[in-house]
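S.K.: One structure follows; several queries about it will come next.
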Amino acid sequence: MIKADLIDAVAKGGEITKTQAEKSLSALADAIGAALAKGERVRLQGVGTFSCVQRKAKPGRNPRTGKEITIPSRRAVKFSPAGVVREQLNATKK
């Protein structure tokens, strides 16, 4: 699913225009990004939890030259799905 598909689904489900759905989706993404940048967790009931984790610096290798490099530490986004989502994901299709 790409952003346009998600906008269509939100517009249909919420019975709103695609423009309104796009604005809502963009506002949601901005709010989640701002909260994560502050180090906060974002918990969406029935969807899951977004959190920020710190990755340690680690040794790596340049694939082109084979030279060893150090990959710097960085922050990354972690997503933990809610139980409902996990069940849907692991449900067997018959």
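S.K.: Output the residues belonging to segment 61-71 that are surrounded by fewer than 10 Cβ atoms within 10 Å (Cβ to Cβ) and at negative phi.
M.R.: Across segment 61-71, the qualifying residues are 62, 63, 64, 65, 67, 68, 70.
S.K.: Right, something else. Surrounded by 10 or more Cβ atoms within 10 Å (Cβ to Cβ), touching a residue at least 12 places away in the same chain (Cβ under 8 Å) and under 22 Å from the mean Cα position of the chain (by Cα): does that describe residue 42?
M.R.: So residue 42 does not fit the description; no.
S.K.: Same structure again: Among 27, 35, which is the only one that is modelled with pLDDT of 95 or more and surrounded by 11 or more Cβ atoms within 10 Å (Cβ to Cβ)?
M.R.: Only one candidate passes the filter, namely 35.
S.K.: Filter segment 61-94 for residues that are more than 23 Å from the chain's Cα centre (by Cα) and part of a strand (DSSP E or B) and give the result.
M.R.: 61, 68, 69, 70
The values are calculated or read from the model by the stated rules, or taken from the named source; none is laboratory data. All values reported here derive from a predicted model rather than from experimental measurement. Heads up, the Cβs are rebuilt from the backbone with ideal geometry, glycines too, and the neighbour counts pull from every protein chain shown.
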